[in-house]
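Below is one structure, written out as structure tokens; the observations come after it.
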Amino acid sequence: MESINRTAIELVDEALDFAGELDVAGYELDNGATVIDFGVDATGGVEAGLLLAEIQTAGLASVNTRLGELAGAPREYVELSTDHPAVALLCAQKAGWELTFDDGFDGLGSGPARALVGQETEFERVGYYDEAEFATLAVESATLPDETVAEHVADLAEVDPEGVFLPTYATGSMAGSVATAARAAELAVFRLLEVGYEPTDVLHAAGSAPIAPATHDEALAMGRTNDALAYGGRVHLQVARDDDRFEQIVSTVREDYGTPFVEVFDDAEWDFYAVPESVFAPAQVTVDVVDGPVYTVGETDEALLADSFGYR
């Protein structure tokens, strides 16, 4: 497979070339690294969010929107599908790079730059590591990264700062809501890995989730975007072999299922890393085993979602 950081850079170039049309803003830091504001000071939008999700999956997934329903009313959904779920979702899209610095910057990194470092468990399980002169790390943060963040990424990824690209977005921005809704399939595949299933045995993954309303309240945004996945995320997986653990990969197995994520995070004093990873799962999954049975597990909760989204 071609370097996922090289395929991602083509999408980054597209964002920079069409920054005006996408309502995003790109600029160069003093050390030569490039920041692209998808939704911190820039407005961004649905199209920007779709491109952001493509960057996070290094161009290995198809991402689009559709008009569906929530609580009997029209609601836009994001759909993502990929024939390379292990690499696209676990080695690229997953948000696994913590960015916390003494100057107060706090963020979470996702995207193909993680595969240049390869320190997370999923890289060993998938058996994929990348080498490239570019490093693209999507940064989820309410503030834009500076030279210190870029130098940190460059050092760990072993590239020059001029080769670092940091698409950045606030959770509550429209682009952030879209990119988060695109994570339903990733959560299902990661839960499979966590329960011991080989991620390379997942042959195809497709997911759908509603786009949470944009908000400048980042705490509310964290709650809404996670509710969108846990109570509205639906996934279809095609896998190579049967297993008796598929029922463990949905949000309905949580002891506190039915509790909005605003309350979950509040109980954890808003420490994202104090919340068990097992709570981050899609609502409903179909697992289609090649030459085997088809399993359906979990359920959605539109009433909870409507309340979380502020429906009146």
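The values are calculated or read from the model by the stated rules, or taken from the named source; none is laboratory data. Quick caveat: nothing in here was measured; it's all calculated off a predicted structure. No Cβ is skipped: glycine too gets one built from the backbone with ideal geometry, and neighbour counts run over all protein chains shown.
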Exercise for review: Output yes when any residue across the range 286-298 is small (G, A, S) and closer than 28 Å to G109 by Cα, and no when none is.
Suggested key: no
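To keep it simple, each residue is scored yes or no on (1) over 20 Å from A175 (Cα atoms); (2) free of Cβ contacts under 8 Å to residues at least 40 places away in the same chain; (3) not aliphatic (A, V, I, L, M).
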| site | (1), (2), (3) |
| --- | --- |
| D102 | yes, yes, yes |
| G107 | no, no, yes |
| G111 | no, no, yes |
| E120 | yes, yes, yes |
| R125 | yes, no, yes |
| S141 | no, no, yes |
Revision key, fill the gap. Taking the range 289-298 and keeping residues touching an Asp or Glu at 6+ places or on another chain (Cβ under 8 Å) and either part of a loop (DSSP other than H, G, I, E, B) or charged (D, E, K, R) (or both) leaves G292, P293
Review point. When the range 181-233 is examined, which residues are found to be of a type outside the set (A, V, I, L, M, F, W, C) and more than 24 Å from T171 (Cα to Cα)?
Key: E194, G196, Y197, E198, P199, T200, D201, H204
Check your understanding: out of contact with any strand residue (DSSP E or B) (no Cβ under 6 Å at 6 or more places or on another chain) and closer than 29 Å to V46 by Cβ, is that true of A206?
Key -> no
Check your understanding: Would you pick out the residues in the range 263-288 that are surrounded by 18 or more Cβ atoms within 10 Å (Cβ to Cβ) and either assigned to a helix (DSSP H, G or I) or out of contact with any helix residue (DSSP H, G or I) (no Cβ under 7 Å at 6 or more places or on another chain) (or both)?
Key -> V264, F265, V279, Q284
**Study point:** the range 247-262, subset closer than 17 Å to R183 by Cα and among the β-branched types (V, I, T), residue surrounded by the fewest Cβ atoms within 10 Å (Cβ to Cβ)
**Key:** V250
Check your understanding: Does the range 207-243 hold any residues that are in contact with a Lys or Arg (Cβ under 9 Å, 6 or more places away or on another chain), surrounded by fewer than 24 Cβ atoms within 10 Å (Cβ to Cβ) and not in a loop (DSSP other than H, G, I, E, B), and which are they?
Key -> S208
**Study point:** Number of the exception - T252 against (1) part of a helix (DSSP H, G or I); (2) over 19 Å from the mean Cα position of the chain (by Cα); (3) more than 28 Å from G72 (Cβ to Cβ)
**Key:** (3)
Revision key, fill the gap. Taking the range 101-147 and the residues there that are in a loop (DSSP other than H, G, I, E, B) and among the small types (G, A, S), the one that is farthest from V195 (Cα to Cα) would be G104
Practice item. Take the residues in the range 74-101 that are of a type in the set (F, W, Y) and under 18 Å from E140 (Cα atoms), then tell me which one is surrounded by the most Cβ atoms within 10 Å (Cβ to Cβ). Key: W97
Check your understanding: Where residues in the range 185-206 are among the β-branched types (V, I, T) and part of a helix (DSSP H, G or I), which of them is surrounded by the most Cβ atoms within 10 Å (Cβ to Cβ)?
Key -> V189
Check your understanding: Could you say which residue among G59, G44 is over 30 Å from T121 (Cα atoms), part of a loop (DSSP other than H, G, I, E, B) and within 19 Å of the chain's Cα centre (by Cα)?
Key -> G44
Revision key, fill the gap. Of R191, R234, the only residue that is closer than 30 Å to D291 by Cβ, charged (D, E, K, R), touching a strand residue (DSSP E or B) at 6+ places or on another chain (Cβ under 6 Å) and at pLDDT 95 or above is R234
Point to revise | Flag if L16 is part of a helix (DSSP H, G or I), more than 14 Å from the chain's Cα centre (by Cα) and more than 20 Å from E79 (Cβ to Cβ) | key: yes
Check your understanding: Assuming I36 fulfils every condition listed in (1) of a type outside the set (D, E); (2) over 22 Å from the mean Cα position of the chain (by Cα); (3) in a strand (DSSP E or B) apart from one, which condition is it?
Key -> (2)
Exercise for review: Go through the residues of the range 7-30 one by one and say whether even a single one is surrounded by fewer than 18 Cβ atoms within 10 Å (Cβ to Cβ) and of a type in the set (S, T, N, Q).
Suggested key: no
